[in-house]
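Trainee: I have a structure I would like to understand better, so I am pasting it below and will then ask my questions one at a time.
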Amino acid sequence: MGRAPASAASAGPPQVREVSAGIYAYIQPDGTWWINNTGFLVGPQAVISIDSCSTQRRTRAYIDAIAAVTPVPVRTVLNTHHHGDHTFGNCMFPGAAIVAHERARAEAIAFGPPRALPFWDGPDWGELSLDPPFVTFTDQIAVHAGDLRAQVRYVGTPAHTTNDSIVWIPERSVLFCGDLIFNGGTPFLLMGSVRGAIEVLENVVRPLGAQTIVPGHGPVFTEPGPIDATLDYLRFVQDAAARGRAAGLSPLQAARETDLGRFAGWADRERIVGNLHRAYAELGGAAPGAAIDILAALADMVAYNGGRPLTCRA
């Protein structure tokens, strides 16, 4: 099982898209493992970057893309959560304040610097060092690019991770939602909460009514379809977990018994296994974001993938 890998060349180069005046999305196809989106806000004195990238090469390309738009320096990097595809490149912004939820700092330090990881095809990280957020908040913080005000809000509960934040620019109705949405890719809740992700999408993201949403992976969108599709998938995972647990199946066995249906074409479908591990834990009474055996779940994802490492073209 698993997705047949495409060539890196077929994904195409990163794209800079001005989604509103002075607000840019940086979209990295094809948005699969360790290939994330970022974005930046341009003010007269400084740039605010929303996340960095996973590798030295990709972060350098992102920095060059910013420089092609404006000569002003990046003085702030906002991390939407702690995962390395959004934080490993922090160290390449030496003059910037690195800002995130306080739990994102703790989780980034706990994970450590980029290094060889046994579950993925080996990405070339380059020369990167651990640079966790050093300005942290518990609820929300505002940042300003000239007259443009952005609200950086903790979503209130574990969802994709324990420390997800969104960046909301109400004046322009633009939302950077981090990995709460993988547009065209399979959501990943192993380190967060299936139940919490549903709650956040229904009670935090959807009520904003954003006209433009930049997801953590996949294309920018202007209609609610990707939110609805993500909610459908999350409920699908909950249903599959309830059936599998009642039948006495392990998460890996349940995944193998599950017909993914319309979700089978989404990238990185082996994430169903990790998502079932999390959903099983919640059905067993675990709190959202509670510690579970992450390494065992990742090993099961590799097994579901036919024993092959998970595809990474970062």
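Trainee: Does at least one position in the range 173-194 carry a residue that is in a helix (DSSP H, G or I), open to solvent by less than 10 Å² (accessible area, probe 1.4 Å) and either over 27 Å from SER20 (Cα atoms) or without any contact (Cβ under 8 Å) to a residue 12 or more places away in the chain (or both)?
Mentor: For the range 173-194, residues in a helix (DSSP H, G or I), open to solvent by less than 10 Å² (accessible area, probe 1.4 Å) and either over 27 Å from SER20 (Cα atoms) or without any contact (Cβ under 8 Å) to a residue 12 or more places away in the chain (or both): present.
Trainee: From the list THR157, THR186, which one is farther than 19 Å from GLY84 by Cα, in contact with a helix residue (DSSP H, G or I) (Cβ under 9 Å, 6 or more places away or on another chain) and β-branched (Val, Ile, Thr)?
Mentor: The unique qualifying residue is THR157.
Trainee: When residues of the range 115-166 are filtered for being over 25 Å from ALA286 (Cα atoms), of a type in the set (Gly, Ala, Ser) and out of contact with any Gly (no Cβ under 7 Å at 6 or more places or on another chain), how many remain?
Mentor: 5
Trainee: While we're here: Would you mind finding the one in ALA246, ALA296, ALA286 that is open to solvent by 20 Å² or more (accessible area, probe 1.4 Å), farther than 17 Å from LEU190 by Cβ and either hydroxyl-bearing (Ser, Thr, Tyr) or modelled with pLDDT of 95 or more (or both)?
Mentor: None of the others qualify; the one that does is ALA246.
Trainee: Tell me, please, whether a residue that is open to solvent by 10 Å² or more (accessible area, probe 1.4 Å) and under 13 Å from ALA314 (Cβ atoms) can be found in the range 61-79.
Mentor: Yes, there is a match, as at least one residue in the range 61-79 is open to solvent by 10 Å² or more (accessible area, probe 1.4 Å) and under 13 Å from ALA314 (Cβ atoms).
Trainee: Go through the range 32-44 and report how many residues are open to solvent by 10 Å² or more (accessible area, probe 1.4 Å) and either aromatic (Phe, Trp, Tyr) or in contact with a His (Cβ under 6 Å, 6 or more places away or on another chain) (or both).
Mentor: Going through the range 32-44 one residue at a time, the tally reaches 2.
Trainee: Taking the condition of being in contact with a Ser or Thr (Cβ under 9 Å, 6 or more places away or on another chain), open to solvent by 20 Å² or more (accessible area, probe 1.4 Å) and either touching a residue at least 24 places away in the same chain (Cβ under 8 Å) or of a type in the set (S, T, N, Q) (or both), how many residues in the range 232-243 meet it?
Mentor: Count: 1.
Trainee: Next question, about the same structure. Among the residues of the range 122-150 satisfying the criterion of being charged (D, E, K, R) and open to solvent by 60 Å² or more (accessible area, probe 1.4 Å), which is farthest from ASN90 (Cα to Cα)?
Mentor: ASP147
Trainee: On the basis of being surrounded by fewer than 20 Cβ atoms within 10 Å (Cβ to Cβ) and either modelled with pLDDT of 95 or more or within 11 Å of the chain's Cα centre (by Cα) (or both), does PRO158 make the cut?
Mentor: No; evaluated as a whole, the condition is false for this residue.
Trainee: Mind checking whether some residue in the range 207-215 is in contact with a Phe, Trp or Tyr (Cβ under 7 Å, 6 or more places away or on another chain) and surrounded by fewer than 20 Cβ atoms within 10 Å (Cβ to Cβ)?
Mentor: yes
Trainee: Same structure again: I'm checking my understanding of the structure. Among residues of the range 225-280 that are polar (S, T, N, Q) and within 22 Å of PRO158 (Cβ to Cβ), which one is farthest from the chain's Cα centre (by Cα)?
Mentor: GLN238
Trainee: Shifting gears a bit: Given the condition free of Cβ contacts under 8 Å to residues at least 24 places away in the same chain and either assigned to a loop (DSSP other than H, G, I, E, B) or touching a strand residue (DSSP E or B) at 6+ places or on another chain (Cβ under 7 Å) (or both), answer yes or no: does some residue in the range 297-312 qualify?
Mentor: yes
The values are calculated or read from the model by the stated rules, or taken from the named source; none is laboratory data. Bear in mind the structure is a predicted one, so any value in this text is a computation, not a measurement. Neighbour counts are summed over all protein chains in view; Cβ atoms, including those assigned to glycine, are modelled from backbone coordinates with ideal geometry. Heavy atoms of the whole protein, side chains included, go into the accessibility calculation; ligands, DNA and RNA do not. Shrake-Rupley method; radii C 1.70, N 1.55, O 1.52, S 1.80 Å.
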